[in-house]
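Visitor: I'd like to ask some things about the structure below.
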Amino acid sequence: MSTTLRFDQIRLPPECETLRAEVRAFLAEEIAKGTFDPHRPGNGDSHNRAFSKRIGANGWIGMTWPKQYGGQERSFLERYVVTEEFRVANAPVRLHFVADRQSGPILLKYAPEHIKQDILPRICRGELCFVIGMSEPGSGSDLFAARTKATKVDGGWKINGSKIWTSNAHIADYMLGLFRTSPPTKENRRHGLTQFLVDMKTPGITVNPIIQMTGQHDFNEVVFDDAFIPDDHVMGEIDGAWKQATSELAYERSGPERFLETFYVMLEMVRALGPDPDLRSAEGLGRLVAQLHTLRRMSVSVAGMLQAGKEPVVEASIVKDVGTIWEQKLPGRVRELTAFLEPEISNRATLEEQLAFATMIAPKLTIQGGTTEILRGIIARGLGLR
Amino acid sequence: MAGGSDHIVAETAARIFADLADPQTINRTQDDAWKARLWSALADAGLPLAWVPEELGGSGASLAEGFEILGVAGRYALAAPLAETLIAGWLLARAGIEAPAGAMTVAPAQPRDRITLDKDGTLSGRASGVPFAREAQHIAMLAGSTIALVAAKDCRVSDGKNLAGDAAGTVTFNRVKPIRSASAPAGFDQAALMLMGATARSIEAAGALETILSLSVAYANERVAFERKIGKFQAVQQNLARLAGETAAALTAAGSAADTIAQADEFDEAVFLEVASAKIRSAEAAAEGSAIAHQVFGAIGFTNEHVLHRFTLRMLSWRDDFGNESWWAAELGRRVAKRGADEFWPLIASR
């Protein structure tokens, strides 16, 4: 049993600050030419193909990957800076973000050479959108209950069934999906699932939109009807997908996107409060600043420990747990702290629009990418309980 | 726990606390005899005056090493004026004043208390909530831009105690003649003293939370109810995961503040953000963490006999020293507001 938590004091090295200046200059230019409006909420969830290509041209997608696949061989701390600056600017990164964060690293580890050479450079150029195919109508958090089947045929596999809550499926070029290749065994209920790379243009795939309660179209249902996947699109061990998710998950859980998703309301609140807030607002703002600073220091620490080759699995889950609860509560705190502002403050309309949007999206923050309950189960296991 | 030869000072402290300040043993002890034995071992190891240069009578350890001592002290819920003596020695050294032997404390210990230096060189004023004032032989203090060393017996010290029963009285200075006094360095003011004190308390609270987490997990793995260990119940697991989150936040914020001060040339805007955040977040974690730990332990944890209160009550009391979290939050909020929205993210990102 070990209850020792470790958060090394990592500071971003000087090359990160040079890079940050470049990213800020690029974003300022894009905002000036009207690519996106930083004050419009929800940009982070939208996509812009031309914009993603320009980001790729700057070398900011797949930037930690080997140069032979189009990467820059830069550090995870440098990637961290790029990720947080794009989030804070509220820039549309949806097209390439999943591929950059998790699909690319999986391909790097498990794809055959010719597929790596084909796909990874295109991700780096900002040309490809990836979707994750995990949840099914009968299995969400309980990943290993997945039933969508891959049946062995000559030269490949035939997929039948459906995946649900697939963000991006309607714009995606590829899916990394989890399909059942064998039944689970008595000893191991996680056995029998295999990870596949799926070309979304494959005949037999239908994407049906699911509109969210915010009115946005992000979710989809993806139906497979005898969709053929060639043998070389198997990613990793057949029946052994459960062994494959380790350190990638730590990156996915602990990045700045896990506490900055509603940051725009805090920024707009600072603007609304002005230089001389009353005591109640000042105290409330101060607490939020302390909580945000602490979360970022925790998140940077995990990034630095990962870069150093450590495996802070519990620490990464803690960042997501504490971070997503915080970003979920943030719109409510901002609402309280701006409740008594003068009606004629100049940015009232923007603040109200942002608050309305953030309030609507808040429920999803502790569900997407692993629910609070699942995360706390992982943390409890790491503490030596269970 | 610190490991490796580069944490030798903290390891020395841990050894001494394990031998002479074990919380379980102290909790069963009726008298205060352990205090003198502990202090003499700490003094022999040069720990109370770690932040005093050798030429001023100390052991000349680095700021980082001193902060590590405080982390260990927090893990033992230390009920002795070690943090206070460390800070007092550090304060005196700012003005080149030699540190006396024995326990010290510092005044003011609250941001809004003021001590004034009169024309005749005497000190007057009131300092509230001065930790361990009753047990200290000397008080290091700041009056405007003067740093002074006074004998505790020359002041009036009230009988106050904090939640954990540690001495925390009001010290009244009525034309007290200092043993020594000298000018503080340019720009050094009461804010700097509060920053140092707040950092110390944040580190101690984070240390206490580390122990509280270990105790709670161990108990959940041992206590059986409804024919299962309570740690097997998801409701308990979820609470302990939250406790881990609060502990992580306190540890990170306090560690970050300590690291910043240890590297800083001056108490600038970055130090203020770091220390205010640490004090605010560790105080919030103390409140949340204490509630969760007591919930895990149930009635047994609410008894005087059980060791848990030594950690929870002390940690809750530390919230009030050197500015409570509400005071720091209001100050931090005002500073962020003054910088304006466009300078807000750059401040966060600079750390």
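The values are calculated or read from the model by the stated rules, or taken from the named source; none is laboratory data. The shown structure was predicted, so the numbers you read here are calculated from the model rather than taken from an experiment. Here Cβ is always computed from backbone atoms with ideal geometry, including for glycine, and neighbour counts include all displayed protein chains. Accessible surface areas use protein heavy atoms only, side chains included; no ligands, DNA or RNA. Shrake-Rupley method; radii C 1.70, N 1.55, O 1.52, S 1.80 Å.
Visitor: Residues in the stretch A:217-231: is at least one open to solvent by 30 Å² or more (accessible area, probe 1.4 Å), closer than 30 Å to A:Glu85 by Cβ, assigned by TED's automatic domain parsing to the domain that holds A:Val153 and modelled with pLDDT of 90 or more?
Guide: Yes, the stretch A:217-231 contains a residue that is open to solvent by 30 Å² or more (accessible area, probe 1.4 Å), closer than 30 Å to A:Glu85 by Cβ, assigned by TED's automatic domain parsing to the domain that holds A:Val153 and modelled with pLDDT of 90 or more.
Visitor: Moving to a separate point now. I'd like to check which helices (runs of 4 or more DSSP H) are fully inside the stretch A:72-179 and have at least 2 residues that are of a type in the set (Asp, Glu).
Guide: The qualifying helices (runs of 4 or more DSSP H) are A:76-88, A:113-124.
Visitor: Take the conditions assigned to a helix (DSSP H, G or I) and either at pLDDT 95 or above or closer than 22 Å to B:Ala283 by Cβ (or both) and apply them to A:Pro277. Does it pass?
Guide: No, not satisfied.
Visitor: A further question follows. Could you tell me which of the residues A:Arg258, A:Arg280 is of a type outside the set (A, V, I, L, M) and more than 24 Å from the chain's Cα centre (by Cα)?
Guide: A:Arg280
Visitor: What tally of residues in the stretch A:283-316 results from selecting those that are open to solvent by 10 Å² or more (accessible area, probe 1.4 Å) and facing chain B (nearest Cβ under 10 Å)?
Guide: Of the residues in that region, 5 qualify.
Visitor: Exactly one condition in (1) modelled with pLDDT of 95 or more; (2) more than 8 Å from chain A (Cβ to nearest Cβ); (3) more than 26 Å from A:Val314 (Cα to Cα) is false for B:Ala250; which is it?
Guide: Single failed check for B:Ala250: (3).
Visitor: Do you know which residues across the stretch B:276-308 are without any contact (Cβ under 8 Å) to a residue 60 or more places away in the chain, more than 15 Å from B:Thr199 (Cα to Cα) and among the hydrophobic types (A, V, I, L, M, F, W, C)?
Guide: B:Ala287, B:Ala291, B:Ala299, B:Ile300, B:Phe302
Visitor: Can you find a residue that is of a type in the set (Gly, Ala, Ser), facing chain A (nearest Cβ under 8 Å), within 24 Å of A:Ala282 (Cβ to Cβ) and under 17 Å from the mean Cα position of the chain (by Cα) anywhere in the stretch B:327-344?
Guide: no
Visitor: Look at the stretch A:30-59 and say how many of its residues are assigned to a loop (DSSP other than H, G, I, E, B) and of a type in the set (D, E, K, R).
Guide: 3
Visitor: Further question on the same structure: For the structure I just gave you, tell me whether B:Ala244 is out of contact with any strand residue (DSSP E or B) (no Cβ under 7 Å at 6 or more places or on another chain) and open to solvent by less than 10 Å² (accessible area, probe 1.4 Å).
Guide: Yes; evaluated as a whole, the condition is true for this residue.
Visitor: Could you grab the pairs with beta carbons closer than 7 Å, sequence gap of 6+ or different chains, first residue in the stretch B:76-100 and within 23 Å of B:Asn162 (Cα to Cα), second one among the hydroxyl-bearing types (Ser, Thr, Tyr)?
Guide: From residues that are within 23 Å of B:Asn162 (Cα to Cα), the pairs are B:Pro81/B:Thr105; B:Glu84/B:Thr105; B:Ala88/B:Thr105.
Per-residue answers, yes or no, for (1) modelled with pLDDT under 95; (2) in contact with a Gly (Cβ under 9 Å, 6 or more places away or on another chain); (3) more than 14 Å from every other protein chain (Cβ to nearest Cβ):
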position: A:Gln102; (1), (2), (3): yes, no, yes
position: A:Ile106; (1), (2), (3): yes, yes, yes
position: A:Lys116; (1), (2), (3): no, no, yes
position: A:Cys124; (1), (2), (3): no, yes, yes
position: A:Ser139; (1), (2), (3): yes, no, yes
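Visitor: Which of (1) polar (S, T, N, Q); (2) more than 23 Å from A:Ile171 (Cα to Cα); (3) buried (at least 19 other Cβ atoms within 10 Å of the Cβ) does A:Thr83 not meet, given it meets every other one?
Guide: (2)
Visitor: Sticking with this structure for a sec: Tally the residues that are open to solvent by 10 Å² or more (accessible area, probe 1.4 Å) and more than 14 Å from A:Gly56 (Cβ to Cβ), restricting the search to the stretch A:95-110.
Guide: Residues flagged as open to solvent by 10 Å² or more (accessible area, probe 1.4 Å) and more than 14 Å from A:Gly56 (Cβ to Cβ) within the stretch A:95-110 amount to 8.
Visitor: Looking at (1) of a type in the set (A, V, I, L, M, F, W, C); (2) surrounded by 23 or more Cβ atoms within 10 Å (Cβ to Cβ); (3) over 24 Å from A:Glu315 (Cβ atoms), which is the only condition B:Ala258 fails?
Guide: With (1) of a type in the set (A, V, I, L, M, F, W, C); (2) surrounded by 23 or more Cβ atoms within 10 Å (Cβ to Cβ); (3) over 24 Å from A:Glu315 (Cβ atoms) applied to B:Ala258, the lone miss is (3).
Visitor: Moving on. Does the stretch B:1-9 contain any residue that is open to solvent by 30 Å² or more (accessible area, probe 1.4 Å), among the charged types (D, E, K, R) and at pLDDT below 95?
Guide: Checking the stretch B:1-9: at least one residue is open to solvent by 30 Å² or more (accessible area, probe 1.4 Å), among the charged types (D, E, K, R) and at pLDDT below 95.
Visitor: Could you tell me which of the residues A:Ile361, A:Ile345 is farther than 25 Å from B:Ser277 by Cα, touching a residue at least 24 places away in the same chain (Cβ under 8 Å) and surrounded by 17 or more Cβ atoms within 10 Å (Cβ to Cβ)?
Guide: A:Ile361 is the lone residue from the list that is farther than 25 Å from B:Ser277 by Cα, touching a residue at least 24 places away in the same chain (Cβ under 8 Å) and surrounded by 17 or more Cβ atoms within 10 Å (Cβ to Cβ).
Visitor: Of all residues in the stretch A:351-386, which are more than 14 Å from chain B (Cβ to nearest Cβ) and not in a helix (DSSP H, G or I)?
Guide: Matches in the stretch A:351-386: A:Ile367, A:Gln368, A:Gly369.
Visitor: Let me ask you something else. For A:Glu17, are the conditions met, namely being within 12 Å of another protein chain (Cβ to nearest Cβ), over 20 Å from A:Leu95 (Cα atoms) and of a type in the set (Asp, Glu)?
Guide: Yes: the conditions hold for A:Glu17.
Visitor: Considering only residues of the stretch B:282-318 that are under 29 Å from A:Gly284 (Cα atoms) and open to solvent by 20 Å² or more (accessible area, probe 1.4 Å), which is farthest from the other protein chains (Cβ to nearest Cβ)?
Guide: B:Leu313
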